[in-house]
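Report on one structure; see the data block that follows.
The values are calculated or read from the model by the stated rules, or taken from the named source; none is laboratory data. The model shown is predicted, which means the values in this text are computed figures rather than measured ones. Methodologically, a virtual Cβ is constructed for each residue, glycine included, from the backbone with ideal geometry; neighbour enumeration extends over all protein chains shown. Just so you know, the surface numbers come from the protein's heavy atoms only, side chains and all, with ligands and any DNA or RNA stripped out. Shrake-Rupley method; radii C 1.70, N 1.55, O 1.52, S 1.80 Å.
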Amino acid sequence: MQRSHIVRPAAMFWGLVVFMPVGVTYLSAIVLLLALLVGGGLRERYARLRANPLWWPVVAYVAWTFIVLAVRPHYPRPPPTCSTDCASPSPS
């Protein structure tokens, strides 16, 4: 496989911005994906990925995540709010 010199810095950039705001993390993930596409050798990358022993556990985890998101609501409904006088103490 011919090595691309753009993918490693893009992957390092993604690791460096992991604790930054979410938008920067998404931007770095997009930059990494673009670097992988520009780097070429997609068929060989896919073949190496499929040969990895972690392929099926990762596929199962991602599939389970999508199944749970499809079946159950993502966030539960918040409890109903009380009226404006619920914070004040009751009269004695």
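Key figures for this structure:
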{"read-out": "Accessible-area composition of region 14-73, carbon plus sulfur, in percent [1.4 Å probe]", "value": "77"}
{"read-out": "In nm, spacing of pseudo-spin labels at Trp55 and Met12 (7 Å Cα→C-beta vector)", "value": "3.0"}
{"read-out": "Principal axis dimensions, region 29-82 - Cα atoms, whole angstrom, descending", "value": "59, 26, 14"}
{"read-out": "Simple label model, 7 Å out from Cα along Cβ direction - Phe66 to Leu42, nm", "value": "1.8"}
